[in-house]
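Accompanying notes for the structure given below.
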Amino acid sequence: MSGANSRRSERRAHEQSGRASDGREASMTGGAGEHQWWKDAVVYQVYPQSFQDSDGDGVGDLQGVIDRVDYIDDLGVDAVWLNPVYESPQHDNGYDISDYRAIDDRYGNMADWERLRDELHERDVRLIMDLVVNHTSDQHEWFQRSRREEGAYADYYHWVEGSPDERPNNWESAFGGPAWSWDDEREAWYLHLFDESQPDLNWRNPEVRAAVREMMQWWLDRGIDGFRMDVINFISKPAGYPDGAPELGMSGAEHFFNGPRVHEYLSELCEEVLADDEILAVGETPGVSVDDAKRYVGRDGDGLSMVFQFEHVTFDHGDSKWDAGDPDLVEFKQILAKWQTGLADDGWNSLYLNNHDQPRALSRFGNDEEYRRKSAKLLGTLTHTLGGTPFVFQGEALGMTNAPFESRDAIRDVEALNYVESAVDDPDGHADSYADVREAIETVSRDNARTPMQWSDDEHAGFTDGEPWIDVNPNYETVNLERARSDPDSVFHYYRELIDLRERDVLVDGDFELLAPDHPSLFAYTRTLEREDENPERALVVLNFDDEPTAFAVPDGVTVDGLELALTNDDAPVVPGRSLDLGPWEARVYLTSRPTTARTADQPDQ
Ligand code: GLC
């Protein structure tokens, strides 16, 4: 058994023995009252296209992931969420699926997928697949038959008859432009909330719902451990497709974000295929509030395990995501604190700052130059010490940063390409040339997250022997795994420690309290886990989001006695005083020693 494997087992053993006595179980879960594995877990997200290429075509593939399974295992994570690898014309990097039951050639074949599943499972790492069922590709057989109005398929998508000159309503696509396209074959409009090659499925049709359930069951029967459910709160659209209020950003959003029948559809799905609480079902749900989230994951909710909310990564956007501001720490804290307390007794949080749709959090919330390593560690400390399930995106544990996109030829993402086209080429666009939008691309484009994994300082960062499908970030010569492994002070080694820390119950289940909410540069909080017949387990986390040193006076109500330093990215004292002097981007985690009975609480755990 490898080191990471035994660390994971320790966490699980803890889970089985320790939880029964804390008396919180019933309130900790929206479901059956068990402490499911995914509550103690850390999930690692693999974006296969950019992870590791094994055959020199410049595109990552499943064999590449297999070749790197030991790295994933070594981090100590419990599960992998694999972005879509299904057959797809790749207009939206696999989120346009043409066959749910086949692996795209670029990634390999079903035998490769099965080997990956087995390699992960052998290491006690679970596998979560991406589920994209708000829409399919227009190349999917269902859409092909639907556009020909073949029998039951006719009603599989949202079709509206009418004149090709008059769109059914003013809804907009998330990728820019109208959400309706005219189909010459059927002579009708079809709805696509994303690219025109991604028609939305009609969930009003019970046959569509049954077909989705059958497909999900097919994957569960192949031994997967859960689903990450793409834009799952978009699946219900109101009858009659009413116009959206244009001033609300993506026009129509108020009608299809958490649409009228979404809970009915999801609870049906959860009952029929996701009833087993051990299946991790994480819904991607843009635009959800805490109350909305409870309806998805709470005790009386639909049955999802957790959702990805977006408030903490979109709060600084102006009229559109391309108009991102400088994130204000006070607001950022308020949002995360609201989610922490809002779901404390009813529901469960996901914890993330990075994914394949976000720019690198390090470049956005940290200092990716002078304090690259320190601020990367600080951000990791945040996501691993809040309540919920941490998700680590590939490259995050190396401290990868946003990348330069010097010309528009370097851009690959459909959303970014549409944006540049509308800003530069459209006579009504606000930009004269690419130079005017370059900063926006380099600050918020999804391509920032999608540059290849930086494994070494070999050519193309060891990602491929061929020409990578997207340029490697030029900082790979210094930011790469090989170097990080040999440096005990690297972000990589720090993440391993962070992931190990999740073995502490207080970080998983402890109540959250935000300290100094108005402090402009410090993010500080406590976590407290009451235990029957035992002293409470406590954590104090202090993070300095600043290039300048900052002093923190621990508020009166917070006990520092009994706390000891568990992790820091600097040289912090082992025992905290009442005043803490933090260096730039310093992060500290103080914990009480492992739970002991009240009688022996003074003695350190051996
Ligand atoms: C989700 C995915 C994103 C994709 C979109 C459409 O937001 O994470 O990558 O483009 O859905 O499927």
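Structure notes:
- Charge-dipole axis of the chain as Lys and Arg at +1 and Asp and Glu at -1 on Cβ define it, positive-most pick from 393, 121, 95: 121
- Between residue 579 and residue 55, the modelled labels are 6.5 nm apart [label points 7 Å from Cα along Cα→Cβ].
- DSSP beta bridges in the chain [antiparallel fraction, %, rounded to 5]: 60
- C-alpha long axis of helix 3-18 to longest principal axis of the chain, angle in °: 80
- Residue exposure sequence - 362, 75 - by fewest surrounding Cβ within 10 Å: 75, 362
- For the chain, the fraction of alpha-carbon pairs lying more than 36 Å apart is 36 percent, rounded to a whole number.
- CD proxy at 222 nm, helix term only [per DSSP H run n ≥ 4: -39500 (n - 2.57); per residue of the chain; nearest 500]: -8000 deg cm²/dmol
- Helix axis angle, 372-385 relative to the chain longest principal axis, alpha carbon, degrees: 90
- Dividing the convex hull volume of the alpha-carbon atoms in the range 67-219 by its residue count gives 128 Å³ per residue.
- Net charge over other residues, Cβ less than 12 angstrom from the Cβ of residue 110 (K, R count +1; D, E count -1): -2
- Rounded Å value of the spacing that divides the Cα centres of the range 44-100 and the range 356-424: 18
- Percent of C-alpha pairs per 10 Å bin, the range 470-606, short to long: 11, 36, 32, 16, 5, 1
- A convex hull fitted around the alpha carbon atoms of the range 94-155 yields 100 Å³ per residue.
- Formal net charge of residues neighbouring residue 403 (Cβ-Cβ distance under 15 Å; K, R +1; D, E -1): -3
- Among the listed pairs 294/377; 237/294; 237/321; 333/374, those whose Cα-Cα separation exceeds 29 Å are 294/377.
- Summing charges over neighbours of residue 448, with a neighbour being any other residue whose Cβ is under 14 Å away from its Cβ, gives -3 when K and R count +1 and D and E count -1.
- Which of 493, 430 has the fewest Cβ neighbours within 10 Å, and the rest in rising order: 430, 493
- Legend: calculated FRET efficiency, residue 182 to residue 486, from the Cβ-Cβ distance at R0 = 51 Å, rounded to 0.05, equals 0.30.
- Here the range 350-491 is described by how far its Cα atoms reach on the three principal axes: 53, 39, 26 Å, from widest to narrowest.
- Computed over the range 208-316, the Cα gyration tensor eigenvalues convert (square root of 5λ each) into semi-axes of 26, 16, 12 Å, ordered from largest to smallest.
- Listed from fewest to most Cβ neighbours within 10 Å, the set 250, 110 follows the order 110, 250.
- Calculated FRET value between residue 300 and residue 215, using beta carbons and R₀ = 25 Å, to 0.05: 0.35
- Tail beyond 18 Å, pair distance distribution of the range 296-398 (Cα, percent): 51
Read-outs throughout are calculated quantities, based only on the coordinates presented, and are distinct from any laboratory measurement. Keep in mind it's a predicted model, so treat the numbers as computed, not measured. Glycine also receives a Cβ, built like all others from the backbone with ideal geometry; neighbour counts cover every protein chain displayed.
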